[in-house]
1. Report, ordered by the first and then the second residue, all pairs with beta carbons closer than 7 Å, sequence separation of six or more or different chains, a first member in region 323-338 that is of a type in the set (A, V, I, L, M), and a second member that is open to solvent by 50 Å² or more (accessible area, probe 1.4 Å).
2. Can you tell me which residue in region 1-17 is farthest from A42 (Cα to Cα), limited to those that are open to solvent by 60 Å² or more (accessible area, probe 1.4 Å), touching a residue at least 24 places away in the same chain (Cβ under 8 Å) and assigned to a loop (DSSP other than H, G, I, E, B)?
3. Would you call H208 within 12 Å of F288 (Cβ to Cβ) and under 19 Å from the mean Cα position of the chain (by Cα)?
4. Which one of these is within 30 Å of E332 (Cβ to Cβ), acidic (D, E) and open to solvent by 80 Å² or more (accessible area, probe 1.4 Å): D84, D74, D110, D47?
5. Does region 122-138 hold any residues that are open to solvent by less than 40 Å² (accessible area, probe 1.4 Å) and of a type in the set (S, T, N, Q), and which are they?
6. When you check A165 against the structure, is it in contact (Cβ under 8 Å) with a residue 24 or more places away in the chain and open to solvent by 40 Å² or more (accessible area, probe 1.4 Å), yes or no?
7. Output the residues belonging to region 206-219 that are open to solvent by less than 20 Å² (accessible area, probe 1.4 Å) and free of Cβ contacts under 8 Å to residues at least 60 places away in the same chain.
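The values are calculated or read from the model by the stated rules, or taken from the named source; none is laboratory data. Here the structure is a predicted model, which means the values were calculated and not measured. We place every Cβ from the backbone using ideal geometry, glycine too, and count neighbours over all the protein chains shown. The protein model used for the area step is the full one, side chains on, heavy atoms only, and it has no ligands, DNA or RNA in it. Shrake-Rupley method; radii C 1.70, N 1.55, O 1.52, S 1.80 Å.
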Amino acid sequence: MALVEINFDGIVGPSHNYAGLSLGNLASARNAGHLSQPRKAALEGLDKMRANIGLGLTQGIFLPHPRPHRAWLDQLGTDIKSADPAIAANAMSASAMWAANAATVSPAPDTADGKCHLTVANLRTMPHRSHEWPATLQQLATAFGKSGEFVVHAPIPPAFGDEGAANHMRLAPAHGEPGIEVFVYGVSGGAFPARQHIEASKAIARRHGLDSKRTLFAEQSEKAIAAGAFHNDVVAVANERVLFAHEHAFAEKAGLLAACGLLVPGFEYVEVAEADVPLADAVSSYLFNAQLVTLPSGEMTLIVPAEARETPSVWGWIERHIAGNGTIRRVEVVDVRQ
């Protein structure tokens, strides 16, 4: 049976707002207090999904979660009318729209039982996200739980922080072939918390039945976390045999690249140097916090938000890479500013 990659996006919910709740997320802090436009944001997201379908990609959707989260407020002994403003803001958060934090997924070719395994993320580091997982788990169970080809797991115990696919990459000659899985964890990020614990990553690898010889654990660089790369996908993204990353994404880059080169036939590493794109520009433009996909035509394509085109250093790098016949052959720009 041929395997198909599905790209999931979350629809923005009507309670979407800029409360600045995410410590270490510089974009969140920068936008705190600004007026939000939830309807426009939802429509932008739908347009982006339609564009993906137009490119020949298979598209999945996560629905908004019920907000305010009354059950969570009840556990805190309050309700939305009487809650402290900070608690009320946490209960209203629509951050579940970020599908990269929904779960970690290991496709069937990588697992011992030949099934696709999904572990919903506990997101325990930030209060506004820590109560998302039950609704996400319900949606995953609805989408995949009734098929014998999938196994949907509840979250890792909250003693160990897990933020889902945002800190997980897969490399393989093609999506349907056996690959390696790379779990990226943090140790320290200066003033900002490291959100992905290595213990959580190892537990997920064991749950999913991954081959230890084809499973890598890479430390995210402290410099990247301190610069606002609160998840690895802010500084690195992988697709099939290609790893696309900023120069300062990983603490021990040489060892990671050597292992990838040994385990992945035709492995290619595409690096964006600090001299070309400063880490701050990479973070603010969402250059890596994008989608790197293979179109039905075989073209490796980078789908980036409009901020990438508006950041001179980033857009200049993209234009030079494509003009120079680089590994990434095409770029698509989408407007998801809201």
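1. Taking only residues 6 or more apart or on different chains, the pairs are V333/R309.
2. A2
3. Values: within 12 Å of F288 (Cβ to Cβ): no; under 19 Å from the mean Cα position of the chain (by Cα): yes.
Taking the combined requirement at face value, the residue does not satisfy it.
4. Numbers: D84 fails: within 30 Å of E332 (Cβ to Cβ); D74 fails: within 30 Å of E332 (Cβ to Cβ); D110 fails: open to solvent by 80 Å² or more (accessible area, probe 1.4 Å).
It is D47.
5. Listed by number, the residues that qualify are N122, T125, S130, T136.
6. Values: in contact (Cβ under 8 Å) with a residue 24 or more places away in the chain: yes; open to solvent by 40 Å² or more (accessible area, probe 1.4 Å): no.
No: the conditions fail for A165.
7. In the first step, residues of region 206-219 are kept if they are open to solvent by less than 20 Å² (accessible area, probe 1.4 Å); the result is 208, 215, 218.
Residues satisfying the conditions are T215, A218.
Yes/no matrix, rows are residues, columns are (1) over 22 Å from A166 (Cβ atoms); (2) modelled with pLDDT under 85; (3) crowded, with 18+ Cβ neighbours inside 10 Å:
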{"site": "A19", "(1), (2), (3)": "no, yes, yes"}
{"site": "S22", "(1), (2), (3)": "no, yes, yes"}
{"site": "S28", "(1), (2), (3)": "no, yes, yes"}
{"site": "G54", "(1), (2), (3)": "yes, no, no"}
{"site": "L63", "(1), (2), (3)": "no, no, no"}
